[in-house]
Amino acid sequence: MFALNSDKDLVDKAIKNGDIYAAAAVYSIAKCEQREVLEGIMFAKRRDALALARWEHTPAEVLNALSIKNNSDVGIVLRLDKNQNTPALAISTLYGLENGQVKRNTSFTVLIAQHRHTPINVLEAIVKFVDDIEVLKAVSKNPVANAQVLGLLLNRVAHSSVYEAVAKNVAANPSASADLLSAIYSYADYSQADDCQAGSSLRVAVLKHENCPQFLIRLAEFNVADAAIEIQRQLVKDSRLSLQALASLVASQDKVLRTGLAANLAAPKMLIKQLLKDESPLVRRAVAARADLTVSSIKYLISDKDHWVRQWLARNPAVSRKVLEKLSADPHADVRRAVARNSRCTNALLSELAKDEDAWVRAAVAYQKNATKRLLEALAEDADIDVLSGVANNPHTPQRILLKLISSLEADIRRGVILNRKAQRKTLLSLLEDSYYLHRLMLVNSTVLKDSDKWPLCDDPDFQVRFTAYQYFAKKYQTFTKNI
Amino acid sequence: MSTILVIAEHRRNELRPVSLELISAAQGLKKNADDKVVVAVIGSQTESFVPALSVAGVDELILLKAPVTDFDPDIFEAAVSALITSKTPTVVLLPHSVDSLGYAATLASKAGYGFATDVFIVEYQADELVATRGGYNQKVNVEVDFPGKATVVMTIRASVFKVLEGTASPIITNFDLPAVQSRSQNKEFIELGGGNDVDITTVEFIMSIGRGIGEETNVEQFRELAETAGATLCCSRPIADAGWLPKSRQVGQSGKVVGSCKLYVALGISGSIQHMAGMKHVPTIVAVNTDPGASIFTIAKYGIVADIFDMEEELNSQLAA
């Protein structure tokens, strides 16, 4: 019976239950004295505390409490370090600054250096005070590290043997600023005489970065004809490269380079026309995927001997319905499937493809958001699991079909109904007792089921379902409290 | 002279490859020249398996005529029990499969035989039979011995023992199935996943994609890459649920266990417990993920913190060269 009047009732129920996962789910809404009781349930046994410290779904508040209560337990600290949910506050508690130094300097520091919730001041302290190279490398890869921390790091390792490795990571870090990238590029130019390969890979990393300044692209393209192949391959993909530079690379012997050029949206039609007839299917595939294909190019590619070329063409939203019609009769099933997945595919064409001999093509129709009720009704008679999963998933499928599909022996098909955003309450009700725990778990967050429907899931035999159900009700109370 | 008894496994009248692997494992357990490897096959058309089971290392092939074409736990338990009584083998090897799980434990328990499951090393250490299996969720290897047990039943993990080459002419005998009342019946055979697609439980090299793939169009790039690399493209549950790859390609608790896989490249897969249940046993796992804290790295032999699209581009460049 669903009869809770307050958040306190929910917490009391979790306390009465005595289950660590229920306790973890309601911890954030518990009052002070209730929290103590919940902590007793969760942390009394070390085994339970270890399990919660490691579990990927443990709420941040619980992890935070663990970092305060159990910070001398090495096993728990290690699991907290590894847990990606561990909040910044817990990391500060464990690794914050104390008298200008990092509190801990252990082998775990590498885990904190790479953690996505590590506060910036902790990362800065690590860069300043930790000597371990692996830890510094971990900071260089952490996208949370800002340009200032990355700059500090580069200064810290300047003139050392690890500079190149750190600089390469920084060049790949999305937080790297244009200034840092310029500095790394200059270093790469300077060091090229010593190690050509290393210099090239550093410059490639810089040129690839979305913050790479325009002047570096111009600088690189100045020598593009003589540049290392890795640099050429990177430059040719850049839409900022001049047309002149692009044209100078079209005759390259390197098919990977030509593939990059064919995919470059800034490449002029003249070059694309040339690449259309390239001997390498890799290049032609890249051309076939372009959104700006001309009618004559499409006409040429439609009968390409490589089925991947035809498949990319069939997926291309730029092709006309007439082209799709022609490709729908392709001998290769993957091409026909690509037609069925194309958003421009007409109902008439979908109807034809729904009768395809290949089940994977019919499944593409069943998943197609443009499929009509009538088409889905016909596909519901199919025996193939992928087709029926698509029908179950499709928001246009009539409820009476969905009601039939929920009694399928195949869990995948029943799950399709749960994933259907148009599935109604009466359709989903019986799935609340589905034999597969994942299905019950997914239903906790259903928007059409009532709270009274979900309430029994708080006593589900599976701990993950119980946790999710308790967490759902805890969040509801939290939102309600915030609103008042 | 001692006897090592191997129970061959078949499904829908096709011999399962693990049967030949068991013969290889049995061969390694011969201590003396006169020790015998005896292979038994149970079913309604046992003769059809004679050519496939007449392979190097088999001394005797026993055919047990049973009133069922496919596996039946009661019949198999009664048949193997009678065989053990008759042949008194020191070791009985069964595949670690869903069939064996249906009767091996009761067989061993009822007669008090030594018993170990999912064994991947079996050997004699100073005359003591020792089986090695995983423990604590495959985190440690556990050695199991069987003091005082004259007969030990083991289920052997598939794809561990290399099949011996060459043929043989074993003695072929018939064995009468004891009277047994089966409590179950096979109503229908349902092949999980798409029937015409590749069986991912039998392939050795898998590339697998997860949520990191982003959108459906990107799947095609990885299909191309897998095709060029000679891999089979598989996926985690969300990809199959979205209809981007067939259900038959789904690895994990909701999908399949990739029993024969030797190399598994996980691309953009975070590594939920459910997914890892289908692939954590693979000897070489390569994980690529931008998140260094992704769970998949805890079981990977090689971990690469990188964008899967950069990786795809690099692999394509290398393969194209």
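No value in this document is a laboratory result; all are computed from the given coordinates. These numbers were taken from a predicted model, which means no experiment stands behind them. Cβ: placed from backbone, ideal geometry, glycine included. Neighbour counts: every protein chain shown.
Averaging over every viewing direction, what projected area does the convex hull of the Cα atoms of the range A:357-433 cover, in nm²? Could the numbers behind the result be given before it?
Working: hull surface 17.8 nm².
Average of the hull's projected areas for the range A:357-433 equals 4.5 nm².
Relative contact order (percent) for the range B:3-175, with alpha-carbon contacts under 8 angstrom and 6 or more residues of separation? Intermediate results must be reported in sequence, preceding the final value.
Details: 352 pairs, mean separation 50.3, N = 173.
Relative contact order comes out at 29 percent.
Give me log10 I(q)/I(0) at q = 0.14, 0.20 Å⁻¹ for the range B:3-175, Debye formula, one equal scatterer per alpha-carbon, no solvent.
-0.67, -1.47
Work through the residues other than A:GLY260 whose Cβ is under 12 Å from its Cβ and net out their charges, Lys, Arg +1 and Asp, Glu -1.
Its environment carries a net charge of +1.
So what is the diffusion coefficient of chain A in µm² per second by Stokes-Einstein at 20 °C and 1.002 mPa s, using a Kirkwood Rh over Cα pairs?
Numbers: Rh = 27.4 Å.
Using the Kirkwood radius from Cα pairs, D works out to 78 µm²/s.
Over the Cα atoms of the range B:78-165, what Rg and Dmax result, in angstrom?
Gyration radius and largest Cα-Cα distance of the range B:78-165: 13.0, 39 Å.
What net charge is computed for the residues neighbouring A:THR447, neighbours being all others with C-beta under 13 Å from the C-beta of A:THR447, Lys and Arg scored +1, Asp and Glu -1? List each step's numbers first, then the result.
Working: positive: A:ARG421, A:LYS422, A:ARG425, A:LYS450, A:LYS454, A:LYS476; negative: A:ASP451, A:ASP453.
Overall, the nearby charge balance is +4.
Of A:PHE473, A:PHE463, how do they rank once you tally other Cβ atoms within 10 Å and put the fewest first?
Details: A:PHE473 25, A:PHE463 14.
Fewest-to-most Cβ neighbours within 10 Å comes out as A:PHE463, A:PHE473.
Could you check which residue among B:VAL122, B:VAL152, B:VAL68 shows the biggest mean-square fluctuation in a GNM of chain B with a 10 Å Cα cutoff?
In this elastic network of chain B, the residue with the biggest mean-square fluctuation among B:VAL122, B:VAL152, B:VAL68 is B:VAL68.
State which stretch of chain A is the longest one without any exposed GluC sites (Glu not before Pro), exposure meaning a DSSP loop state and at most 11 other Cβ atoms within 10 Å. All intermediate terms of the calculation are to be shown ahead of the outcome.
Working: sites that count: A:GLU210, A:GLU279, A:GLU357, A:GLU381.
In short, A:1-209.
What does the C-alpha gyration tensor say about the overall shape of chain B? Classify as rounded when a/c is under 1.5, otherwise prolate if a/b is larger than b/c, or oblate.
Working: a/c = 2.20, a/b = 1.85, b/c = 1.19.
Cα axes put chain B in the prolate bin.
Sort B:LEU315, B:LEU101, A:LEU402 so the one with the fewest other Cβ atoms within 10 Å of its own Cβ comes first. Could the numbers behind the result be given before it?
On the way: B:LEU315 19, B:LEU101 15, A:LEU402 23.
Ranking B:LEU315, B:LEU101, A:LEU402 by Cβ neighbours within 10 Å, fewest first, gives B:LEU101, B:LEU315, A:LEU402.
With Cβ to Cβ distances under 14 Å as the rule, what net charge do the other residues near B:ASP241 carry (K, R +1; D, E -1)?
Residues close to B:ASP241 contribute a combined charge of +3.
What does the charge dipole of the range A:1-52 about its Cα centre add up to, to the nearest 20 debye, if the Cβ of each Lys and Arg holds +1 and the Cβ of each Asp and Glu holds -1? Write down the numbers at each step before the final one.
On the way: 8 positive and 8 negative charges, 34 e Å.
For the range A:1-52, the charge dipole is close to 160 debye.
Add -39500 (n - 2.57) for each DSSP H run of 4 or more in chain B, then divide by its residues: what number comes out at 222 nm, to the nearest 500 deg cm²/dmol? Walk me through the numbers before you get to the answer.
On the way: 9 runs with 77 residues, N = 321.
One gets -6500 deg cm²/dmol as the mean residue ellipticity at 222 nm.
State the three equivalent ellipsoid semi-axes of the range A:400-483, derived from the C-alpha gyration tensor as the square roots of 5 times its eigenvalues, in descending order and whole Å. Spell out each step's value before the answer.
Values: eigenvalues 113, 43, 17 Å².
Ellipsoid half-lengths, sorted descending, are 24, 15, 9 Å.
With θ set to phi - 60°, apply the Karplus curve 6.51 cos²θ - 1.76 cosθ + 1.60 along the range A:113-126 and write out the HN-Hα couplings as whole Hz, x wherever there is a Gly or Pro.
Going residue by residue, I get 4, 9, 5, 6, 10, 5, x, 4, 5, 6, 4, 4, 5, 4 Hz, with x marking Gly and Pro.
Under a GNM of chain B (C-alpha, springs under 10 Å), which listed residue has the highest mean-square fluctuation: B:GLY210, B:GLY166, B:GLY252?
So, out of B:GLY210, B:GLY166, B:GLY252, the one fluctuating most is B:GLY166.
Would you mind getting the Kirkwood hydrodynamic radius of the range B:205-320 from its Cα pairs, rounded to one decimal in Å? Please report the intermediate quantities before stating the final value.
Numbers: mean 1/r = 0.0731 Å⁻¹.
Over the range B:205-320, the inverse of the mean reciprocal pair distance is 13.7 Å.
Sort the range B:165-242 into rounded, prolate or oblate with this rule: let a ≥ b ≥ c be the square roots of the eigenvalues of the Cα gyration tensor; rounded if a/c is under 1.5, and if a/c is not under 1.5, prolate when a/b is larger than b/c, oblate otherwise. Present the calculation step by step, with values, prior to reporting the outcome.
Details: a/c = 4.71, a/b = 1.90, b/c = 2.48.
It comes out oblate by the Cα gyration axes.
In whole Å, what three semi-axes, largest first, describe the equivalent ellipsoid of the range A:393-433 built from its Cα gyration tensor (square root of 5 times each eigenvalue)? Kindly include the intermediate steps, with their values, before the conclusion.
Working: eigenvalues 36, 24, 16 Å².
Sorted largest first and rounded, they come to 13, 11, 9 Å.
What do the square roots of 5 times the Cα gyration tensor eigenvalues come to for the range A:119-196, in whole Å, largest first, as semi-axes of the equivalent ellipsoid? All intermediate terms of the calculation are to be shown ahead of the outcome.
On the way: eigenvalues 86, 38, 17 Å².
Equivalent ellipsoid of the range A:119-196: 21, 14, 9 Å, largest first.
If you average over every viewing direction, what projected area does the convex hull of the Cα atoms of the range A:341-484 give, in nm²?
Values: hull surface 39.6 nm².
Projected over every direction and averaged, the Cα hull of the range A:341-484 covers 9.9 nm².
Going through the cross-link list A:LYS237/A:LYS326; B:LYS187/B:LYS247; A:LYS45/B:LYS301; A:LYS141/A:LYS273; A:LYS355/A:LYS454, which pairs have a Cα-Cα distance over 29 Å in this structure?
Details: A:LYS237/A:LYS326 32 Å; B:LYS187/B:LYS247 23 Å; A:LYS45/B:LYS301 33 Å; A:LYS141/A:LYS273 41 Å; A:LYS355/A:LYS454 40 Å.
Pairs exceeding 29 Å: A:LYS237/A:LYS326; A:LYS45/B:LYS301; A:LYS141/A:LYS273; A:LYS355/A:LYS454.
Report the antiparallel proportion of the DSSP beta bridges in the protein assembly as shown as a percent, rounded to a multiple of 5. All intermediate terms of the calculation are to be shown ahead of the outcome.
Working: 17 of 65 bridges.
About 25 percent, rounded to the nearest 5.
Would you mind getting me the FRET efficiency between A:HIS57 and A:LEU265? Use the beta-carbon distance for r and R0 = 56 Å, nearest 0.05.
On the way: r = 41 Å, r/R0 = 0.73.
Efficiency computed from Cβ-Cβ geometry: 0.85.
If you place +1 on the Cβ of every Lys and Arg and -1 on the Cβ of every Asp and Glu, how big does the dipole about the Cα centre of the range A:357-433 come out, in debye to the nearest 20? The partial results should precede the final answer.
On the way: 12 positive and 10 negative charges, 134 e Å.
Here the size comes out at about 640 debye.
Arrange the following residues from fewest to most other Cβ atoms within 10 Å of their Cβ: A:TYR185, B:TYR103.
Working: A:TYR185 25, B:TYR103 22.
Fewest-to-most ranking of A:TYR185, B:TYR103: B:TYR103, A:TYR185.
Per residue of A:382-391, how many C-beta atoms from partner chains lie within 10 Å of its own C-beta, taken as a mean? Walk me through the numbers on the way to the answer.
Values: counts 0, 1, 6, 9, 10, 2, 1, 6, 2, 0.
Counting other chains' Cβ atoms within 10 Å and averaging over A:382-391 gives 4.
I need the Debye-formula profile for the range A:131-271: one equal scatterer per C-alpha, no solvent, reported as log10 I(q)/I(0) at q = 0.15, 0.20, 0.22 1/Å, two decimals.
With one equal scatterer per Cα and no solvent, log10 I(q)/I(0) is -0.73, -1.11, -1.26.
Nearest 10 degrees, 0 to 90: what angle lies between the long axis of helix B:216-229 and the longest principal axis of chain B (Cα atoms)?
Value to nearest ten degrees: 60.
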